[in-house]
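Readers should treat all values here as calculations from the given coordinates under stated rules, not as data from a laboratory. Everything quoted here is computed from the prediction, not taken from an experiment. Note that each Cβ is placed from the backbone with ideal geometry, even for glycine, and that neighbours are counted across all protein chains shown.
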Amino acid sequence: MAFSFFGGIHPKENKWYAENHPVHQFPEPDILVIPMSQHIGAPCQPLVKKGDTVTMGQKIGDNQGLCVPVHAPVSGTVKAVEMRPHTSGTMVLSVVIENDHQDTLCPDITPRTREEADKLTPEELMNIIREAGIVGMGGATFPTHVKLSSGLGKVDTVIVNVSECEPYIVADDRLCQEYPEDVIAGLEIVMKVLGLKEAHIALEDNKPKAKAALEKAMEGKPGILLDILPAKYPQGAEKQLIYAVTGREVPSGGLPAAVGCAVVNSATCKAISDAVYDGMPLIRRIVTVSGDIVMEPKNLMVPIGTSFNELLEAVGHRENPYKVLSGGPMMGAAQYDLAVPVIKGTNAVTILGQKNKFVVDNPKCIRCGKCVEVCPMHLMPVLIYKAMFTGDADEMLAVDLMDCIECGCCAYTCPAGVPLVLGFRAAKQRVRNAQAAAKK
Ligand code: SF4
Ligand code: SF4
């Protein structure tokens, strides 16, 4: 067990803002916007139209291929099916639901007893996970049933990710403190699907209360091991976590299954348990709403489709925000329109004040090498930055742009204020487009 990884940084954690606030049920909004694209893969096709009535948990969108369905988080009436702003910064086809506040449950939702669930085969469990619309809830949003089915026969180690290394975010920490039995129950289902007798739960050493709650829930379950890792960013990144827990290195361009591993987020484990035992699809999630100008930081159990505007109103802020991020300050995406809804991968909304503004006019590299020292992927960020400006896919590939996990360690460390990671995401898309064009 390696217990750490190369590079990384120690940004101010700022978890204290929200870590002692228990999860509160967010009052259900009057209007919810459910994007048809909340996962990696093919977007859903709407299964409802304007004027339809829907029940809580009813499937309202689905598609073939790499896709999971989306469900109505409340009962009510479909007001529109139209393009709406999305946390990705694009416009996405969405179903707009007017809440009738009756919470009329979809008749398809039927809970199962332990005995009934125990009789389910791995295939049946994977189908339940798919039909519940479950994706990686740490932000990756990869369909979980695909991750599990592609790991069959290859994976010998499953790791539950409770690292949550980004500043401010404590949603998984609170989840493990308040719902540890559900996390363990979901993990046991994952173990059954993958045919494993042993599993790891990995959390950083800055979550003692979550550790205690999980230890209690794990009593009498000898196959589940708790790994306490030193807090370091980006400990929660899949490849870094796998190395820290197992010492195995995922090869460049490879998936965790290539080294026999599968990483599942703790919130995803709870969603699996909810789906299998309660029959409930993924229609709610915990969101940490925090930041340095927030008046009352909170952890909220939020229906998918709740607007960021409503979350900002719920916590209040002392000044006009400099940035509102979907996610944390290191990897989160700044939002230009706060009408965007919470989606399945939204673990946090981080509201930052003007003092976080750090822009250097005409930044110049001073060749200090700090960005290289901290890159957890062993890359040369400054060379990627230069290659990015050539616009040439081959040059960008030559400096291993596609291995960048967009963690932001390089930009955080750069004393010259070179905006290293800013364009890496767009540059990767350019390379993918060039590769697709070349294939054609
Ligand atoms: S180059 Fe990419 S992986 Fe390396 S530190 Fe920068 S953002 Fe992180
Ligand atoms: S950290 Fe900034 S200044 Fe130092 S080598 Fe990297 S890009 Fe240049």
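What the table shows:
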item	result
Residue-count net charge about Arg318 - beta-carbon cut-off 13 Å; Lys, Arg +1, Asp, Glu -1	-2
Gained length - Asn309 relative to Leu66, 0.36 nm times residue gap less alpha-carbon distance	84.4 nm
Formal net charge of residues neighbouring Leu105 (Cβ-Cβ distance under 15 Å; K, R +1; D, E -1)	-4
Segment 110-278: Cα Rg divided by the 2.2 N^0.38 Å rule of thumb	0.96
With 5 Å bins from 0: P(r) over segment 52-116, alpha-carbon pairs, percent	4, 16, 19, 21, 18, 12, 6, 3, 2
Selected from Val264, Ile9, Ile384, residue furthest toward positive end of dipole (the chain; charges at beta carbon)	Ile384
Unsatisfied cross-links (Cα-Cα over 20 Å) in the set Lys147/Lys207; Lys386/Lys428; Lys364/Lys386	Lys147/Lys207
Kirkwood Rh and Cα Rg combined as Rg over Rh, evaluated for segment 350-439	1.00
Local electrostatic count, Pro208, Cβ distance below 11 Å [Lys/Arg +1, Asp/Glu -1]	-2
Cα Rg over Rh - the chain, Kirkwood	0.95
Label-point separation, Lys357 to His101 (7 Å along Cα→Cβ), nm	4.0
Label point 7 Å beyond Cα of Asp394 along Cβ direction - residues of segment 409-440 with amide nitrogen under 14 Å	435, 438
Over 22 Å between alpha carbons, listed pairs Lys119/Lys216; Lys79/Lys298; Lys119/Lys154; Lys119/Lys270; Lys154/Lys270	Lys119/Lys216; Lys79/Lys298; Lys119/Lys154; Lys154/Lys270
Loop trypsin sites (Lys or Arg not before Pro), segment 73-127 (other Cβ atoms within 10 Å of the site Cβ: 10 or fewer; DSSP)	Lys119
